[in-house]
Amino acid sequence: MMPEMPRDRPPNGRFGAHRRHTMPAGRVLGVMLVCLLVWTLLYAPTLKRASEAQPFGTRRMVSLWVLRPLAGISDVFQLTKVTDAAARALGRDPGGAPGGQAPDDLPTIDPNVSVSPAPDEPVTRSTPMRRPTSDNELRIVVVGDSLAAGLGVYLEREFRPSLSRISKQGRISTGLSRLDYFDWFSAMGQIERDFRPDLVIVMIGDNDNQGLTSPGGQVVTPIGSFEWTQGYRDRVDTFTRTAIDGGSHVVWVGLPIVSEKDRWPVMQRQNDIFRQVIRTTPNAVYVDTWDRFAAADGDYTPFYRHEGQVELIRATDGLHFNPRGYQLVAQAVAQAVVDEFELTPRALNG
Amino acid sequence: MLFPTVDFAIFFCLVFLGHWLLNPRPVPWKLFMIAASYVFYAWWNVHFVWLLAGVSAIAQVSAIVVARHDDERRRRWAMGIGVAATLAPLAYFKYYGFFSLNLTRAMESAGIHAGLPLVNLILPVGLSFFSFMAVSYVVDVYRRQFEVAGWLDVFLYLSLFPHLVAGPIVRPDELIPQLGVRRDPRHLDVAGAGYLIFGGLFKKVVISSYLATAIVDPVFADPTRVSAIEAIVGVWAYAIVIYSDFSGYTDIAIGVAKLLGFQFPVNFDRPYSARSLRDFWRRWHITLSRWLRDYLYFPLGGSRKGPRRTYVNIMITMVLGGLWHGAAWPMVIWGAYHGAGQCVGAWRRSHTKTTGAGSVPTPGRIWLERAATFNLVCLGWVFFRADTVGTAFALLRQVVTGWGTAGSGLVSPLVLFVIALMLALQFAPHEPAEILQDRISALRPWVMGVGFATALFVIATLGPQGVAPFIYFQF
């Protein structure tokens, strides 16, 4: 038999003796369950939507099995109205896709700035990028997944602040496969309408090694099929065209080499698709990050050797970059914009 | 497993039930809690469970060997080897990559190609915390301050899930005795625990996340784009972000432990009300500060070997404290900065003692000291938060030269209000919080449950989508 621990008694203070009521463990469990139940009922529709967007598997199946009836109860008692009203009060869309938040709110273009209208017809030939001024800065948007979110931070340092305005729209865990999780086509359309970017920098695809779904969540093309390659190419093409036909130039940053070799075949196929689409699209350029950051023997390395110096450039997950790595990618992007789109080097820092 | 997730809520309900059902039976209870804690740890990476078990086994074997010897020399050797073996995984996972890379760079710039193997390893979460706790155990047994505990007790002491991944760094004499007594299931302070858990969640999910996205991230992303005012407010905001993040986590950990009948030590005591850097370190991450004091500063000689040696010992302790937070040059600078600040403080104290000056400080002087200390701490945070030393200096340069910069509209009334509110709370009395907890404790269980759900609703509504990992997880 173990001795018993003395009880924790709150001290008495100058506001008088404290009267702290305690509770037996059984009742505490009751409190926790009531709390969980009420909270789950309040958030069941949101949780259900998030579960539907999870990768297909046991976890998703179990979550939905639990949440569907709870969401039904929530609907019957109209609890959703409470959470929806709270979300609207904070300026959020309660029915929005569960995809992660972008680092920046999407800016709208200043009405005093003169912007050339979007082309009436599809763009068929390349044109140089306009010369930015301090009154009419270069509008740049960075879109994509977590790699784009990281890249956005370091791209900001490459472009001169007085001549550029950068909006970081990278959203973690998103891609072009799962439109039910986040619909990048709608988002790109809105970016073109509201921000009218001169330059769109894309780094996406790391989360796309799964079946292609419709915005409603149906799998339209399973991963590994011949149709997947064609379907993915169509999505890359549509996405790029949305930007180009909106009047933007596009830099598509390829997927970097990763430590997990099992992922190489799909990622290299994706990079081939990106390269092929960009090659046939005007005002678009592809920036390679696979060979650029691979070891001399073509294998993965977290280090970068250049002019006798060795630097650590990758994060420990074997996928993302560390700050120095993102800086190198950002420099490559900025150089490509100057070389391929004839942007004045004055727009860059340093 | 992160605390503010549905996964943890379900996990904790199950563990809570098992914990109290098995409470009267010590051995099954300990086995259950160890298993639960290892599941909690395996949620991140199942392979590192072996590391946790290995460090626990090394610590226990070392303590047994130390305790077996009466000869002081042998005891010291056994303790030294035990501590080195306990810290070896930490040294490898956290520091080998940093030192090998910097050594290779230095040698290659001197034209020497040594061919050191370079690695970039994943740091197992919580390794810095449970390794330090393991060292405490071995050293306390060596110092005869603590008897060798049972195997199950040591494994549970090091793995108990509320403190496992980000502290507090609980000492053996604070936790192991609690594992040997039966906790009273009839009198749980659920109001106190709930206050800590939901208060901690609010600090992390609402305050920390808001200030981080509203001003801190943009300011540190590219300091050249912000004005001097934005740079200054951004650094103040970061002081609140890191405090809310880490103290929020600690509050949740202490609250969760409280529901299981455990008492954890306090880890934060209004750090921004400190009047000196020494005072700050007595209030900030208290369990780490006292660990560094008891297991590093004192063994180095503390202040017993004259002023010069005291300054050297302070610098060693603080630089290593900086390195504990991360194997990177900005952390070394941060540690050295605090070390230098404490040396200046030590010199001032000895000077004041000699001259007898500054006997009774006026209220004005006290507030001046607090303001100066807060801003000195903020200056250190610049290096702590910046991704590179260059970014830190770019931000400091902007503070000096950025008064003509137009800025990006980052300083909003809400940002200033949140910073001011959190700073004001550093000086608020404890009593109102105690009274609030008393009132909560008088509620009926179902009302309390609905009230806690409402608190969760408010937190979830005001917070962003998803939850960023706690800053201190990376250490």
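Here are some notes:
- Helix A:264-279 vs. chain A, principal-axis angle (Cα, 0 to 90°, nearest 10): 50 degrees
- Semi-axis lengths (Å, descending) of the ellipsoid that matches the C-alpha gyration tensor of chain A: 44, 25, 25
- Two-decimal log10 I(q)/I(0) for the protein assembly as shown, as the Debye equation yields it once each C-alpha is a single scatterer, q = 0.06 Å⁻¹: -0.44
- In sequence order, calculated HN-Hα J values of the stretch A:23-34 (Karplus, 6.51, -1.76, 1.60; Hz; x Gly/Pro): 9, x, 4, x, 5, 4, 4, x, 4, 5, 5, 4
- Charge dipole magnitude, Cβ of K and R +1, D and E -1 - the stretch A:159-296, Cα centre, debye nearest 20: 360 debye
- ³J(HN,Hα), Karplus 6.51/-1.76/1.60, whole Hz, each residue of the stretch A:237-246, x for Gly, Pro: 5, 4, 4, 4, 5, 4, 6, 4, 6, x
- Anchor residue B:305: lysines whose Cα lies under 20 Å away (excluding residues fewer than 8 positions away in-chain): B:353
- Kirkwood-type radius of chain B, with distances r between different C-alpha atoms, in Å: 24.3 Å
- Annotation: amide H-H contacts under 5 Å for residue A:287 (H modelled 1.01 Å from N, sequence separation of 5 or more, or interchain): A:252, A:253, A:254.
- Stokes-Einstein translational diffusion, the stretch B:172-215 - Kirkwood Rh over all Cα pairs, 1.306 mPa s, 10 °C, in µm²/s: 119 µm²/s
- Net charge of Cβ neighbours under 15 Å - reference residue B:294; Lys, Arg +1; Asp, Glu -1: +4
- Computed from the alpha carbon positions, the gyration tensor of the stretch A:123-172 leads to an equivalent ellipsoid with semi-axes of 22, 16, 8 Å, biggest first.
- Size of charge dipole - the stretch B:42-89 - debye, nearest 20, with Cβ of Lys, Arg +1 and Asp, Glu -1, no other charges: 100 debye
- Rounded to the nearest 20 debye, the dipole size of the protein assembly as shown about its Cα centre is 3260 debye, using +1 on the Cβ of Lys and Arg and -1 on the Cβ of Asp and Glu.
- For the stretch A:270-350, the list of GluC sites (Glu not before Pro) that fall in a loop by DSSP and count at most 11 other C-beta atoms within 10 angstrom reads A:307.
- Reach of residue A:81 by Cα under 23 Å, taken over lysines that are not fewer than 8 positions away in the same chain: A:48
- Selection from A:36, A:289, A:347, by position along the positive dipole direction of the protein assembly as shown (Cβ): A:36
- For residue A:314, the residues 5 or more places off, or on other chains, whose built amide H falls under 5 Å of its own are A:322.
- Ratio of Rg to Rh for the stretch B:224-298: 1.10 [Cα atoms; Kirkwood radius as inverse mean 1/r over pairs].
- The orientation-averaged projection of the convex hull spanning the C-alpha atoms of the stretch A:148-219 amounts to 5.2 square nanometres.
- Crossing angle, helix A:58-76 versus chain A [Cα axis fit, 0-90 degrees, rounded to tens]: 70 degrees
- Whichever lysines have a C-alpha closer than 18 Å to that of residue B:258, once near sequence neighbours (fewer than 8 apart) are set aside: B:30
- Legend: translational diffusion of the stretch B:297-341 by Stokes-Einstein, Rh = Kirkwood radius over C-alpha pairs, 4 °C, 1.567 mPa s; D = 125 µm²/s.
- Kirkwood Rh, angstrom, the stretch B:370-445 [1 / mean 1/r, Cα pairs]: 16.2 Å
- Full extension of the chain between residue B:112 and residue B:421 gives 105.7 nm of extra length, using 0.36 nm per residue less the Cα-Cα distance.
- For the stretch B:214-283, the residue among B:240, B:262, B:224 whose Cα projects farthest onto the positive side of the dipole built from Cβ charges is B:262.
- The simple spin-label model puts a point 7 Å past each Cα toward its Cβ; for residue A:64 and residue B:151 those points are separated by 4.6 nm.
- When the stretch B:233-370 is reduced to its Cα atoms, the Kirkwood hydrodynamic radius in Å: 16.8 Å
- Across chain A, the mean sequence separation of Cα contacts (distance under 8 Å, 6 or more residues apart), normalised by length, yields a relative contact order of 15 percent.
- Once you divide the Cα radius of gyration of the stretch B:288-436 by 2.2 N^0.38 Å, the number left is 1.29.
- Amide hydrogen neighbours beyond the local backbone of residue B:268, cut-off 5 Å, H modeled: B:286
- All C-alpha to C-alpha distances of the stretch A:169-264, sorted into 10 Å bins beginning at zero, yield P(r) values of 15, 46, 32, 7, 0 percent in whole numbers.
- Three-way shape call for the stretch A:212-342 based on the alpha-carbon gyration tensor, with the a/c threshold at 1.5: oblate
- Angle between chain A longest axis and helix A:80-89 axis [Cα atoms, degrees, rounded to 10]: 50 degrees
- Computed from the Kirkwood radius of its Cα pairs, the Stokes-Einstein diffusion coefficient for the stretch A:24-94 at 4 °C and 1.567 mPa s stands at 97 µm²/s.
- For the stretch B:266-407, averaging the sequence separation of C-alpha pairs within contact (under 8 Å, six or more residues apart) and dividing by the residue count gives a relative contact order of 25 percent.
- Rounded to the nearest whole Hz, the Karplus-based 3J(HN,Hα) values (6.51 cos²θ - 1.76 cosθ + 1.60, θ = phi - 60°) of the stretch B:217-229 follow the sequence 4, x, 5, 7, 5, 8, x, 6, 8, 10, 7, 4, 4, with x at glycine and proline.
- Charge dipole of chain B about the Cα centre (unit charges at C-beta), most positive-ward option of B:333, B:297, B:34: B:297
Each value in this text was obtained by applying a stated rule to the coordinates, not by laboratory testing. Note that the structure is predicted; figures quoted are calculated from it, not measured. Methodologically, a virtual Cβ is constructed for each residue, glycine included, from the backbone with ideal geometry; neighbour enumeration extends over all protein chains shown.
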